[in-house]
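Below is one structure, written out as structure tokens, with a few remarks after it.
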Amino acid sequence: MSEFIEKVLAKNVLFTNMPLDIEIKEKGFKGVYKSILYEYNIDLNLAKIGMPIHKGAYIKIPREVTLSVKAYSKNNLYLFNSLVYGIGKESSVRFLIITVPDEIYRVQRRNYVRIPLCEEGFFSIKREFNLKNNENLEQNEKYRFVTKDFSAGGAAIVTKKQLSIGDKILINMKLKDEVVLENIEAEVVREIGQTQFEDNIYGIKFIGITGNLEKELVRFVFKWEIGNVKNNNS
């Protein structure tokens with residue numbers, strides 16, 4: 001499975017209390033230190049972060065020292081280079097003021113982040129679909145499903161149709177009218193159980209999707225995840 005690295009807007013992904021690692025290579029301050037994001041000023045492209053501590057003492061890093069910053073969310077890692085802009089203190093809290101570029105790099109820490117998502121679609125059984133094409137049948141049967149969760153690698157689906165592990169199906173659905181899946185092959189990889197209405201729940205894995213579609217799905221999941229975090233924090 002691939003690792004995805006892409007540029008994103010810092011204002012969309014950095015948030016208060018985000019854990020940080022800051023790496024300094026300059027002599028006299030060299031090391032990797034834990035910190036935290038206190039405040040991010042989007043207009044000034046500056047952030048207040050916790051002043052690093054080493055052996056119980058604050059490390060007073062002077063202006064213009066170069067930093068490599070790693071910022072952590074639940075499922076992603078963000079990377080950017082920075083400079084120390086200044087030092088500050090509020091009450092007993094000491095902090096560094098550092099620069100933040102408009103765009104930073106996002107590295108997805110797990111290849112396929114899974115999000116709770118309820119979207120309706122339909123699928124065909126692959127062997128029935130192939131039979132239709134070979135024998136010029138007018139129509140193969142389509143079965144409705146609803147997703148319980150979704151990732152770029154697959155989904156959990158709820159359907160009245162009974163399936164078995166190893167069955168190949170062809171998925172058709174729209175993801176929030178942003179990404180269209182049309183006859184995308186998937187394999188049933190696990191039987192999860194049943195709903196209270198005795199509908200079947202299966203875990204499916206996408207098979208042979210193109211690199212471009214995979215990137216579209218990763219971006220869709222990332223966009224949905226960021227939007228959900230913002231809604232929860234508002």
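The values are calculated or read from the model by the stated rules, or taken from the named source; none is laboratory data. No experiment lies behind these values; they were computed from the predicted model shown. Because the Cβ atoms are built from the backbone with ideal geometry, glycine has one as well, and the counts that use them run over all protein chains shown. Heads up: the accessible areas ignore ligands, DNA and RNA and are worked out on the full protein's heavy atoms, side chains in. Shrake-Rupley method; radii C 1.70, N 1.55, O 1.52, S 1.80 Å.
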Q) Tell me, what ³J(HN,Hα) does each residue in the range 186-194 have, in order and in whole Hz, if you take phi through Karplus 6.51 cos²θ - 1.76 cosθ + 1.60 with θ = phi - 60° and put x for Gly and Pro? A) 9, 10, 6, 10, 7, 9, 8, x, 9
Q. Taking the Cα atoms only, what angle lies between the long axis of helix 211-233 and the longest principal axis of the chain, rounded to 10 degrees?
A. 60
Q: Give the Debye-formula value of log10 I(q)/I(0) at each listed q (0.11, 0.12, 0.17 Å⁻¹), with one equal scatterer per alpha carbon of the range 29-112, two decimals each.
A: -0.31, -0.37, -0.72
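Take L83, L77 and sort them by solvent-accessible surface of the protein heavy atoms, 1.4 Å probe, largest at the top.
Listed by decreasing accessible area, they come as L83, L77.
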**Q.** Taking all pairs of distinct alpha-carbon atoms in the range 153-210, Kirkwood radius in angstrom
**A.** 11.9
Q. Tilt of helix 126-135 relative to the longest C-alpha principal axis of the chain, in degrees (0 to 90, nearest 10)?
A. 50
Q. Contour minus end-to-end for K11 and D177, with contour as 0.36 nm per residue of separation and end-to-end as the Cα-Cα distance?
A. 57.3 nm
Q: Could you pull out every residue, at least 5 positions away or on a different chain, whose amide H is within less than 5 Å of the one on M18? Hs are placed 1.01 Å off N in the peptide plane, and Pro or chain starts have none.
A: L37
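Looking only at trypsin sites (Lys or Arg not before Pro) in DSSP loops with at most 13 other Cβ atoms within 10 Å, what is the longest site-free stretch of the chain?
Details: sites that count: K25, K27, K30, K55, K60, R63, K74, R109, R110, K160, K176.
Longest site-free region, per DSSP loop and neighbour criteria: 177-234.
Counting other Cβ atoms within 10 Å, keep those with at most 16, restrict to DSSP loop, and tell me which chymotrypsin sites (Phe, Trp or Tyr not before Pro) in the range 182-225 are left. Don't skip to the end; give the middle numbers.
On the way: sites: F197, Y202, F206, F220, F222, W224; in loops: F197.
Sparse-neighbourhood loop chymotrypsin sites (Phe, Trp or Tyr not before Pro): F197.
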(Q) Take E185 and D21, extend 7 Å from each Cα along the Cα→Cβ direction, and tell me the distance between the two endpoints in nm. (A) 3.9
Q: Using a 1.4 angstrom probe on heavy atoms only, work out the carbon and sulfur share of the accessible area of the chain in %.
A: 47
Q. Residue by residue, what Karplus-based ³J(HN,Hα) values in Hz, rounded to whole numbers, does the range 5-20 have, using 6.51, -1.76 and 1.60 with θ = phi - 60° and x for Gly and Pro?
A. 10, 8, 7, 9, 6, 4, 5, 8, 10, 8, 9, 4, 6, 6, x, 10
**Q.** Convex hull volume per residue for the chain, taking Cα atoms only, in Å³
**A.** 171
